[in-house]
Structure formats: structure tokens, C-alpha cells
Amino acid sequence: MTNLANQTIKSYHTSRIANGSNDLLNSKLKIEGDARSVATRADSEAQEVILRGIRERFPGIRIIAEEDEGEGGCQDMVDHPPPPPICFPLDQKLIPGLENEVESTVPFSDVTVFVDPLDGSREFVEGRVSNCQCLIGVSLGSTPIAGVMNAPFFHLAYALRSSPPIITNPSAIPFNGNERTITTNLTNMRVGMSGDTGNDALMEIQRTLVELGCKTVDYIGGAGNKAMRLLSGEYDLVIFNFKTSLWDTCATSAVVMAAGGTVTDLYGEPLDHSPPDDEEGLGNKRGVMMSRPGVPHSELAEMFGNLDSMLSMKSRREPPYCSFALMGTTTVNQPTYICLTCCPPVPGGNNLCFCPACVQKCHQGHDVMFVGNVESNCDCVENGGCQCEKESKAAANKFLRTTTAPPICCYTDADKKLGSASRLSSFSAFQIPALPSSLKSCCRNLVKATKDTHWLPAARALGDGGEGPSCPLENFAAQVFKFHLARLQSNGTIRTTIDPSTTGAEWWVQVKDTSGVNSATAIDIHYDKDEHLAEQFCLGSFPLFSTVTYLNAVKDANPTIVFDHTYEEQEDKCIEEIAISYPREGKQIIFDGRLLHGAPTNEVLKGAWGRGGDGEEEGERITFIVNMWVNSRPFIGELSDEVRERVGHAGECGTCEFVDTGVSKVGEQGYLREGERVRLHFVSEGATWDEEEGEEGEEGGRMEEGEGMDGLVLEMTALRELPEATTIIKFETEENCPRLVYVGEEQQEIEDEGLL
């Protein structure tokens, strides 16, 4: 199909040379004033050839194509919906040479074909034809699995994302298996990037790369051209502009990743090639970067994401989506408002409630009042219509396509046999006498590749047939999940009937440099939750239990503190109990997954256990976190094949033993420094931590008012020496109880608004 399309493109090129004019191309701009949006007759006719060929072979398949909205684009998804349950064969009909290499069928409804008949239309019109490509990509769900990159005047490459990857034209992919190491100072790195000089973020990235001394930083056009020149070895890193679309990146991503490269947005997050519900969802709005093996991709993305222009761009994201689109009339715990302008509350009546998205968009400028984090559903749709209904439905559909689990899971105390009113009654500590020797090195390898959290389905973790854990880290996560699930079921703590298809372990690792100060070493106070659901819909979905395993003994490491406080409760509620755990190699703690916790930096807390300064190692605090989700799962994916290869092999992790070591429980008497309060940083949007001020402001672990912190913090009475390395403290007087408070400029703003 691409060969036939290329014949069409070549015929137009030959004719215009013969005529000495571009008139026959009938060029037009899809976006006024943007030369990159040019479309020609060659584009539309080449697309017609491709679509006809695909539909003849696979009638009804979902196709998203660039040209002619009536025939392609998002409209194509409406005109040609995929028929129910038939299967789509992944065989030589679409990509030659793939017989017996992958599963023969996948769900038809999960497959999307993205078509860009002439990538680099501007280059074609301007005569730079070697930069042009025909791109056909195939995604399975959100993941590009196959790509065809066919250049009419250059190379040809096919790829399938499988293990091992299949490259039908290896000569066009020289870096496959041929890693070129980039020096630490990046002076031998060659970069090709978009020449969009009007984009502040791209220009700041370009200046940063030049200042770092990269060997070359060139401007090059065309998405496929960038990818091909990366594959050819001309460049080590290519950066796209912010106006590319999914048809530009599906095929190119599949080919680059199959060849061993890395593809993310400019903030380091994977690209999502799920079929969008409207045109807005077609764009790669966070940019695109692709790199060869040996490039410090994650480190570069982290650096780019922290540039001023990139932070500014990220902060201008759309408001959260309306929760009604996801939950309908089902009431869930969420930030809830009433609008005094539209519908004044009626005492004792059934008042209308609104979510944060509708307050920002539908009720902007109105007199609204925050009720609290309470059980409600958003009534905006029923109150005359929701202004963000369309985009909210698109986001909700995307979420529901990705997971078969309920969109939110709210655990209650009835789900657990707690034995008392305290949620810390389930807090326990264990010792693993012999940790697998490969774990620490695997953790270091993992954080170099990705900072993401990863999903391990219960079927794989429990070994219920099929594929089991496939690397040491997955193996350890599986053992933690399996041991505690069996323990909590046998003692009656978990009494819920478990659905293995929506149950599993969320796991990740943290490697913290303990030689730094404040934010570099701290794990700020936070709730573990489904971050995607919280960011997009302001809804809280939490794991059933959370575990932390310390993989090494570190001198003067921050302790882990767990507070008896949940997201649903009022922020300023008195916290009557806390658990504090000091790191020791092989030690593991487990607690209610809804609870507030962290490993904050504070010298007083570090020294609250008499032997808190002991430790055989300095420099890194390595922890392994496993969250147990039951009958619900967060919006995350499993560990990718590329990262798994960089971590290690499953055979390197043996069987672990878990020994219950018990927990010491004390009252506040004798363990508090009366009158001394410490402040611990809370993770929240807009909160700041001035490292210089924080370091200078710490005298014996005390923080004076406003020093080093601004926003929501946790304030508590300083502790004296504790009896054990794992201790639960019961506070008996209200003035000594920890609580969340606002400090600094944010406190003043809230007071000015009359909210305190």
C-alpha cells in the first residue's frame, strides 16, 4: 500500500518538474499562516490509495488519517466503527515476514491504524523531497505495536514491537544492537530538532543543549525524517515540535522502540496512542523526543521538564475534568462546592453540588462555597448543562478503555477487620533476613531508566498460570504481594472476595542521595493514590495496603512516618496516632494504604531514636514500595520490555522469608519535647520549599514561622528519644496532636478570602 501511495507522490513530483510549477499540486493551508499545515493533491490521493487498500483487507477497522476530514481524521472513527467481537490478524497481510512471531490474534476493537500519507508536506512542496515519508502505524490500545516508514525517495523500514523486535530492513536500522555511549557531559551527542523558532520552550531547550556543549544541534523538518535520521545514526536525539499528531508518531514510535530506542514526551512520559474522541486529542501537546540506546533519555527529559518555559507550559494545562462524566450520579468522596449565585442552598434540602472542574469553568466568577471532601456527585449536567462536558466525556472514555477495573474504589473500615477505631492497628513490621543480592543494583538501573510506578497483575504475582515475574524487581514485588495477601486473608483482615483480573501490585523504587539537604533527600508527606484519576478528575482512589522495604542501612537516613489521617477527613483534624519507622536493611513495614505518610527531612526526627545515626552505608537510601490494590487498579502500565532488559533477569532473585518483628506502642508522656514544634513539607500543587532558607532555618530541627516553607505543611510536636526503631505513638492532649496547617503566603491568601 505504501508503495502504491509512493507511486502517486512520485508522479506528482515528476509532473511538477516537467511543468516547472507547483500549480498542479493545488496546495492549501489547513491552518492560516502555518506553512507546516500545507496539504496537496498528492496527500489526498496517496491517502485514498492507502485507505482503500486497508479496508479491502480489514473491513471496518478503525483508521485515523490526516487528510480530508470527511474520509479520515477523527470523522473516520464515527463513519467506520469497529464491528463487535471479531479478531484482527497480525500477519503478513499488513507487515511482511511476521508469521509465527507473535500471537496470531488480538481484539479487533483494540486496534487502530494511523495514516499519514505524506509526512513532510511542506518539504515536498518546497522541493526537499528526501525529507518526505509515508507513515502507517498500528496501535494496540495506547501502545504503538507496528509501523511502516516508506520514504518515496529514500529508505524503507518495517518494525513490529515484539520480543525480539523484527526489523524487515535491518540495513536502515544500524543502531539496533549497536549502542553508542554518550559521554556524561554530552559533548559527543548529536541532536536534530524542530526549527520552530516561535516556540519559547523549544528555543529554551535548544539554548540549553548548546550551553551543554552538544556536538551538533541542527534544525530538521518532518516527523518521519527525524526518526529515520535517528535510526540511520546521523543523530542521537531528535526533538519534535508541539504540533505533531498521533499519525506522525505511531509508526515512528513503533520503529524506533523496536530498534531499541526510547520515545516519550518532553517531560519523560510515554506517548498515548489510544484513539481520541475528538480532534483535540490527536495532538502531542507535550512535545516528542526520541533517542538512541546509550542516551541518558530520562535525565534529559527531567532537565527539559524543569526549564522555566516548560514549567509554565505545564502549569497552563486544562482544568480538571467534570467527575460526572466518569461517575454519573454515583456519589463519591470528592472536593465539593455549592454555588450561591446559581442555586442558593436550602436548609435541610437536597442542595446541588459541583466538582472543582465545574467551579472553574461553569461557575467562574460566581459566589461559590467549598463544603469539604464529602460524598457527592456533580449536578452541573442536570443544572442546565456542563461547559466542559464534551472534553470530560472524552477523558472518561479514554480512562474506561484502558482499565476493566471500577473507575474508583473507596475502601471503608468495614472492608477490614481492624479490631479498634485506629487505622494504625494494622501497622506491622517484618524483617527479611536475606535480601536478594541483585536488588540494589537493579533498583539503581531502574531509576536511571524511569521514575514511573509499575503494575503487576495478581495472576502474574501469584503464579496462576501463564507468564510470571520476568525480572528481579517484579519477582520481589510478587513475593511481597503474595505473602501479605495470604497473611491478611488468613487473619481475617481482608474479607473481600477478590477478582484477580482487577487486583494486583503497584510497585516502584526510590533511590535518595542522603548527602544532600531538604528536598533532595526528603519524601514529602503525601497520600498514595491513583495519580491520573486525582489529576484529571480530582477523585481519590487508594490502595488497600502500602508496604515499604528498606534495602540498605544508611547513616542518618530519614525515618518513615505514617499518620492516622486520610484524604476524606478535614485537613485540620487532630491526628491522634502516628507510626515512625527508622530504616534498617531488610526491614519492611505495611500499613493502611489510605493513610498520610512520608519520609521527611528533619534533624530532630532523625535523632529521635537513640541509634538513629548508625548505618554501614552513606550516600543512598534505597527503598522498594509495593502497594496492594484489591478489586481496583490505578491508571498505570506494566514494566516495559525495554526497561526490563536494562534491569536484569528473573533468575537472579531467590525466595524471601518474612519474619514478624512486632511494633512498640507508647503514649506521649516522656517522648515529646513540650513547646517545640516541627514542620514537615506536604506534597501539594503550588507549595514551595526554599532549600537555602530551609537549611539555614533549621536549628535543632525547629522551623520558625514562615522559614523555608510555604503552603500546606504538617505541624507536630518534636519527639524525644524513642524506645524502638518501629514505634506507634498515641497523643493524649489536643495541643500536642499533629495536624495539617497552611503557612506563609498561602495562609495569608486563605485568611484574606475568609476561608480560615
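The values are calculated or read from the model by the stated rules, or taken from the named source; none is laboratory data. Computed from a predicted structure; not experimentally measured. Note that we place each Cβ from the backbone using ideal geometry, even for glycine, and neighbour counts take in every protein chain shown. Heads up: the accessible areas ignore ligands, DNA and RNA and are worked out on the full protein's heavy atoms, side chains in. Shrake-Rupley method; radii C 1.70, N 1.55, O 1.52, S 1.80 Å.
Using a 1.4 Å probe on the protein heavy atoms, what percent of the accessible area of the stretch 451-570 belongs to carbon and sulfur?
The computed percentage sits at 51.
Applying 1/(1 + (r/R0)^6) with R0 = 45 Å to the Cβ-Cβ distance of Glu234 and Lys482, what FRET efficiency is obtained, to the nearest 0.05?
Efficiency, from the Cβ-Cβ distance: 0.40.
Within the stretch 214-236, which residues have the backbone N less than 16 Å from the label spot 7 Å out from Met303 along Cα→beta-carbon, could you tell me?
The answer is 214-218, 236, whose backbone nitrogens lie closer than 16 Å to the label point.
Would you kindly state how much longer the chain becomes between Asn351 and Thr655 on full extension, computed as 0.36 nm times their sequence separation minus their alpha carbon distance, in nm to one decimal?
Full extension from Asn351 to Thr655 adds 103.8 nm.
For the pair Asp572/Tyr219, report the inter-label distance in nm, with labels modelled 7 Å from Cα in the Cβ direction.
5.6
Please compare each pair in Lys529/Lys587; Lys285/Lys393; Lys398/Lys440; Lys243/Lys398; Lys529/Lys730 to a cut-off of 28 Å on the Cα-Cα distance and tell me which ones are over it.
Lys398/Lys440
If amide hydrogens are placed 1.01 Å from N in the peptide plane, which non-local residues have theirs closer than 5 Å to the one on Leu639?
Placed amide hydrogens put Trp455 under 5 Å from Leu639.
Report the FRET efficiency, 1/(1 + (r/R0)^6), for Thr496 and Arg57, where r is their Cβ-Cβ distance and R0 is 45 Å, rounded to 0.05.
So the FRET efficiency works out to roughly 0.45.
What is the gain in length, in nm to one decimal, between Lys448 and Leu212 on full extension, counting 0.36 nm per residue of separation less the C-alpha to C-alpha distance?
Going from the current span to full extension adds 83.0 nm.
Using a simple spin-label model with points 7 Å from Cα along the Cα→Cβ vector, what separation in nm is obtained for Asp513 and Glu204?
Result: 2.2 nm between the two label points.
Taking the Cβ of Ala505 as the center, what net charge do the other residues with Cβ under 13 Å away carry, scoring Lys and Arg +1 and Asp and Glu -1?
Surrounding charge for Ala505 is -1.
Name the residues whose placed amide hydrogens come within less than 5 Å of the amide hydrogen of Gly372, ignoring near sequence neighbours (fewer than 5 apart) on the same chain.
So Gly372 has HN proximity to Thr336.
What order do His363, His532 take when sorted by accessible area (1.4 Å probe), most exposed first?
Order by accessible area, largest first: His532, His363.
Given labels modelled 7 Å from the Cα in the Cβ direction, how far is it in nm from Thr187 to Glu735?
A separation of 6.3 nm, rounded to one decimal place.
How would Arg207, Arg644, Arg673 rank on accessible area, largest to smallest, probe 1.4 Å?
The ranking, largest first, comes out as Arg207, Arg673, Arg644.
Using modelled amide H (1.01 Å from N, peptide plane; none on Pro or chain starts), what sits under 5 Å from the amide H of Asn552, excluding residues fewer than 5 places away?
Correct list: Gly586, Ile622.
Per-residue HN-Hα couplings for the stretch 247-254, Karplus 6.51 cos²θ - 1.76 cosθ + 1.60 at θ = phi - 60°, whole Hz, x for Gly and Pro?
3J(HN,Hα) across the stretch 247-254, in whole Hz: 6, 6, 10, 5, 5, 5, 5, 4.
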